[in-house]
């Protein structure tokens, strides 16, 4: 609280502060792009293209039918994979976190599966599930579910003993206990897991499309690479970056709502 | 309930914890009864198993042997007739719920109309003097106010017995005095039977109609003392009464004696 107060005192108004924040956020990226533009303008290497060329390729490649044919299906599979990972990870995490015996039984197995790099499963999944959307979603889930599952287990296990006794003494029903105690108490950990899962899911979305595909963002990028369409390839990478940033921003908004109590409490205990 | 029968009866209560070093006897042999509407304080030297006793009463712990009876039927688990106010208010209130949400928590599964439930919640919040803070979160309130929320939650549950475990140990002296008066007031106006566990001798004499002094571990009842102070108590005048001083000196001496060694009476054969 004191640090915040000091910052406020230095600046005359919230408008100026917002401007300052925007300048800080954009300053370095803008500078980097400028330098890159100047540098690439003098370069003769055909693999090192300038930002304007890439922007032009971006417009030509992605704004139009490719958005519907490649980008939307990829995003759809990404969303499906994430939702499935969250549901599966949280549900299994709550069950495993509450049952000590189950936890001890499963721990070595979970550690093993988590340690497997999910891309190696793609050929196996292709054999088992065929080259289908289901296979790609399963690949995304097979990587993204772990951080959510393991964080949920830890969060559920760490539920405060006095909070649990409170629930016991007031004879809270099982259902209320789940919704009013276990899940909210674990929610900071669950959100940490989801944040990690976002980047894993994005990576797996791309990789799952690079094998035996004929559509999708990952397929397009691999296609451009193989055909020396360098600017187009870079524009695909740019698009991936943008999707990553958008995901992070959307997640931040959701997290701020869900964990408002948590951040508020932390701020007060720090002050 | 027939006249004269106790609300709560504890008979030969014994609790032994198994630990790596062997068995630890937290409670040796405790027996007492409590009449409806009583405000009873339980004091004892630190480490004498006060919290263990309270958890056995509340049905959160199973006694090793002996009996806890509430209105004639044995307590085998958490009972709707009892509400607990824990010492650690910060860990007992749910930070993701508002004050209102916390107070409503134990009422959710009671079959009540929405209006009825709302009325009970508002009434309990009002009774502890937090009417203006219903929509705040617990962590936005001071320690004393948080403990008021916990008390509001307990009385909203409408228990037969309110069990309080060193509830004011973590708040400052002035807040503590205010909270003590709140407990007195709730007891007088609502007639809630209350068991108040504390390590503070003055607090036990000021609050209680009766003080149960526990011995050192293995715990027995060292003394069961009636506090014959007037029902209308006041932080200044009551604490200045010669009788108050006498009683607190007496309890103090009893606790000193309890700390020194086993009670004079030989242990009862079990």
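The values are calculated or read from the model by the stated rules, or taken from the named source; none is laboratory data. Note that the coordinates shown come from a computational prediction; the quantities given were computed from them, not determined experimentally. Neighbour counts are summed over all protein chains in view; Cβ atoms, including those assigned to glycine, are modelled from backbone coordinates with ideal geometry.
Side notes on the structure shown:
- Members of region B:40-60 that are surrounded by fewer than 19 Cβ atoms within 10 Å (Cβ to Cβ) and away from chain A (no Cβ under 14 Å): B:46, B:47
- Residue count for region B:66-81 under the criterion of being more than 10 Å from every other protein chain (Cβ to nearest Cβ) and touching a residue at least 12 places away in the same chain (Cβ under 8 Å): the result is 10.
- Any hit, region A:166-187, residues being within 17 Å of the chain's Cα centre (by Cα), modelled with pLDDT of 95 or more and in the same structural domain as residue A:103 (by TED's automatic domain parsing): yes
- Condition broken by residue A:223, with the remaining ones in (1) within 14 Å of another protein chain (Cβ to nearest Cβ); (2) modelled with pLDDT under 95 satisfied: (1)
- Taking the criterion of being touching a residue at least 40 places away in the same chain (Cβ under 8 Å) and more than 14 Å from residue B:87 (Cβ to Cβ), the residues of region B:196-214 that qualify are B:201, B:202, B:204, B:205, B:207, B:208, B:209, B:210, B:211, B:212, B:213, B:214.
- Positions within region B:186-205 being over 26 Å from residue B:249 (Cβ atoms) and not in a helix (DSSP H, G or I), in sequence order: B:191, B:192, B:193
- Residue match in region B:33-53 (condition: out of contact with any helix residue (DSSP H, G or I) (no Cβ under 7 Å at 6 or more places or on another chain) and free of Cβ contacts under 8 Å to residues at least 12 places away in the same chain): no
- All conditions but one from (1) under 20 Å from the mean Cα position of the chain (by Cα); (2) within 14 Å of another protein chain (Cβ to nearest Cβ) apply to residue A:194; the one that does not is (2).
- Here region A:197-243 is the region considered, the condition is being in a helix (DSSP H, G or I) and without any contact (Cβ under 8 Å) to a residue 12 or more places away in the chain, and the residue that is surrounded by the most Cβ atoms within 10 Å (Cβ to Cβ) is A:223.
- Matching option when the condition is outside the structural domain of residue A:202 (by TED's automatic domain parsing), under 24 Å from the mean Cα position of the chain (by Cα) and surrounded by fewer than 11 Cβ atoms within 10 Å (Cβ to Cβ), among A:29, A:14: A:29
- Just one of the listed residues (A:212, A:250, A:222) is within 12 Å of the chain's Cα centre (by Cα) and in the same structural domain as residue A:135 (by TED's automatic domain parsing), namely A:250.
- As a summary of the residue check, residue B:63 satisfies the conditions (1) in a loop (DSSP other than H, G, I, E, B); (2) within 14 Å of chain A (Cβ to nearest Cβ) except for the one numbered (2).
- Filter pass, residue A:177 being at positive phi, within 14 Å of chain B (Cβ to nearest Cβ) and surrounded by fewer than 21 Cβ atoms within 10 Å (Cβ to Cβ): no
- Residue B:34 within 14 Å of another protein chain (Cβ to nearest Cβ) and closer than 25 Å to residue B:208 by Cα: no
- Any hit, region A:149-160, residues being modelled with pLDDT under 95, facing chain B (nearest Cβ under 8 Å) and surrounded by fewer than 24 Cβ atoms within 10 Å (Cβ to Cβ): yes
- Residue in region A:244-261 that is nearest to the other protein chains (Cβ to nearest Cβ), counting only those that are crowded, with 18+ Cβ neighbours inside 10 Å and assigned to a helix (DSSP H, G or I): A:261
- Counting only helices (runs of 4 or more DSSP H) that sit wholly inside region A:1-115, those with at least 1 residues that are at pLDDT 90 or above are A:14-41, A:51-62, A:72-98, A:100-115.
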